[in-house]
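Below is the structure I would like to discuss, written out as structure tokens.
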Amino acid sequence: TNVTTTQPGTYLFILTEQNNACGVFKDTVEVLVSAASHSVNVTDLTCYGNSSGSIEILNPDGVSYSFDNNQTWIQDSEMEHLPAGAYTVWSENHYGCITSTTVTISQPAPITLTTSNDTLICVNGTATLAAVTSGQNTTVFHWEHTTDPEAIQQVSPSSATTYSVYSEDIYGCLSDTQSIHVTVRDPLAGIITPYDTICPGYPTTIGVSGISGGLSPYFISWSSGETGTGTFMNIPANPFQTQLYTATITDACESSPVVLTTEIAVA
């Protein structure tokens, strides 16, 4: 006889023969119907994008396992160093019965790092750099130029400099790297009237021009007492004897002053 069952268990098939002369005889066949059964433990990723996930198949009768949807089989019931994604895993018991389960290894959201904008400073100036992350578990910021782990940094570069930073959370997860570019304005510069000679009683005019660099407005202060603002300034000069004239130029930020000197000689 042929028997089909969809339920696991132990089945007894008893054949009875009865003959009036010989009596009753019975023979029993015991059939064990096994069904593969397992549970699965999944460990999600600790950080976005890494391969820290794992899958463990729990089958008390298991002898071999597949973690790639029945493509390859191994005797180890646990697979580590897995990336995020969906996995169809299989197990086989010692009766040759197999079963499968589809599980998903999840991952946390990536750490998003945001920095302050690129900025512009004058010579001798200070720029404030700031970084912030999307998560609440950030512990340190790794700046390229310093070991200070704080989110806000003060820098005073002498020339244009790019500062890089990334963050790390309490689980050791890292963000992407962002950069802040600090540009330094040109130093102050200007031109003063060349040395000149006059006759006694004949006045002349001297001045500064072409003032540039730094941050306007520009402030001009003469050693003879005159002051003004702008990119140029002329003053009268009629000394009784040979005299040096000095113009000191400053700006609206921290740029180093530029001092220009000329001489008016009296013949």
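Being closer than 20 Å to residue 170 by Cα and surrounded by 14 or more Cβ atoms within 10 Å (Cβ to Cβ) is the filter here; which residues of segment 131-149 pass it?
Within segment 131-149, 131, 132, 133, 135, 138, 140, 141, 142, 143 qualify.
OK, next. Confirm whether residue 175 is more than 30 Å from residue 36 (Cα to Cα), among the hydroxyl-bearing types (Ser, Thr, Tyr) and touching a Leu at 6+ places or on another chain (Cβ under 6 Å).
So residue 175 fits the description; yes.
At pLDDT 95 or above, assigned to a strand (DSSP E or B) and on the phi < 0 side of the Ramachandran plot - does that describe any residue in segment 142-151?
yes
Search segment 6-60 for residues being part of a loop (DSSP other than H, G, I, E, B), open to solvent by 80 Å² or more (accessible area, probe 1.4 Å) and in contact (Cβ under 8 Å) with a residue 12 or more places away in the chain, and hand back the single one that is farthest from residue 95 (Cα to Cα).
The qualifying residue farthest from residue 95 (Cα to Cα) is 48.
Also: Could you identify the single residue in 210, 214, 201 that is in contact (Cβ under 8 Å) with a residue 40 or more places away in the chain and on the phi > 0 side of the Ramachandran plot?
214
Counting just the residues of segment 250-267 that are charged (D, E, K, R) and closer than 16 Å to residue 216 by Cβ, which one comes out least open to solvent (accessible area, probe 1.4 Å)?
251
Counting just the residues of segment 239-267 that are over 60 Å from the mean Cα position of the chain (by Cα) and of a type in the set (Val, Ile, Thr), which one comes out farthest from residue 122 (Cα to Cα)?
266
Follow-up. Looking at (1) of a type in the set (S, T, N, Q); (2) under 30 Å from residue 81 (Cβ atoms); (3) open to solvent by less than 50 Å² (accessible area, probe 1.4 Å); (4) touching a residue at least 24 places away in the same chain (Cβ under 8 Å), find the lone condition where residue 112 falls short.
Of the numbered conditions (1) of a type in the set (S, T, N, Q); (2) under 30 Å from residue 81 (Cβ atoms); (3) open to solvent by less than 50 Å² (accessible area, probe 1.4 Å); (4) touching a residue at least 24 places away in the same chain (Cβ under 8 Å), the odd one out for residue 112 is (3).
Residues being open to solvent by 40 Å² or more (accessible area, probe 1.4 Å) and at negative phi: count how many of those fall in segment 61-83.
Matching residues across segment 61-83 total 13.
The values are calculated or read from the model by the stated rules, or taken from the named source; none is laboratory data. Note that this is a predicted model, so its numbers are computed, not measured. Because the Cβ atoms are built from the backbone with ideal geometry, glycine has one as well, and the counts that use them run over all protein chains shown. SASA here: full protein model, heavy atoms, side chains in, ligands and nucleic acids out. Shrake-Rupley method; radii C 1.70, N 1.55, O 1.52, S 1.80 Å.
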